[in-house]
Ligand SMILES: [Zn+2]
């Protein structure tokens, strides 16, 4: 019997600053220098105005639940032991929506519009995954 490892994100030229910030416990996304749009996922061009100029800004980490599902039958064997687990889309205070996982909350207590805050799951020496938990502060 061998353990199947979970697939992990691999940073590329566009996403490396995002993953590096997460590893330091910061949620950072690109904000367009020309139109101010904050975007996710990371990309070379602003999807709103096509500008190449941006700054990686630190976000508040606050969000609300936009939608979620509960997975009862895993599509990857490495996640079989985790079922049932949630896959959630949160809407960040700054606007972008991202897929994530809600922690510290039973699946049946997740609600649309629920305030959540980012937490960082340090998976190994290279990868830290931003996840969200019910907000404890305002
Ligand atoms: Zn722009």
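Among the numbered conditions (1) at pLDDT 95 or above; (2) more than 16 Å from the ligand (Cβ to nearest atom); (3) surrounded by 14 or more Cβ atoms within 10 Å (Cβ to Cβ); (4) more than 15 Å from residue 130 (Cα to Cα), the only one that residue 79 does not meet is (1). Taking the criterion of being under 17 Å from residue 99 (Cβ atoms), in contact (Cβ under 8 Å) with a residue 60 or more places away in the chain and not in a loop (DSSP other than H, G, I, E, B), the residues of the range 1-55 that qualify are 19, 22, 29.
Does residue 74 satisfy the condition of being assigned by TED's automatic domain parsing to the domain that holds residue 105, assigned to a loop (DSSP other than H, G, I, E, B) and either in contact with a helix residue (DSSP H, G or I) (Cβ under 8 Å, 6 or more places away or on another chain) or within 16 Å of the ligand (Cβ to nearest atom) (or both)?
Working: assigned by TED's automatic domain parsing to the domain that holds residue 105: yes; assigned to a loop (DSSP other than H, G, I, E, B): yes; either in contact with a helix residue (DSSP H, G or I) (Cβ under 8 Å, 6 or more places away or on another chain) or within 16 Å of the ligand (Cβ to nearest atom) (or both): yes.
Spelling it out, residue 74 is indeed assigned by TED's automatic domain parsing to the domain that holds residue 105, assigned to a loop (DSSP other than H, G, I, E, B) and either in contact with a helix residue (DSSP H, G or I) (Cβ under 8 Å, 6 or more places away or on another chain) or within 16 Å of the ligand (Cβ to nearest atom) (or both).
In the range 45-59, how many are more than 12 Å from the ligand (Cβ to nearest atom) and out of contact with any helix residue (DSSP H, G or I) (no Cβ under 6 Å at 6 or more places or on another chain)?
3
The values are calculated or read from the model by the stated rules, or taken from the named source; none is laboratory data. Just so it is clear, the model here is predicted, and its values are computed rather than measured. In this analysis, Cβ positions are derived from the backbone assuming ideal geometry, glycine residues included, and neighbour counts consider all displayed protein chains.
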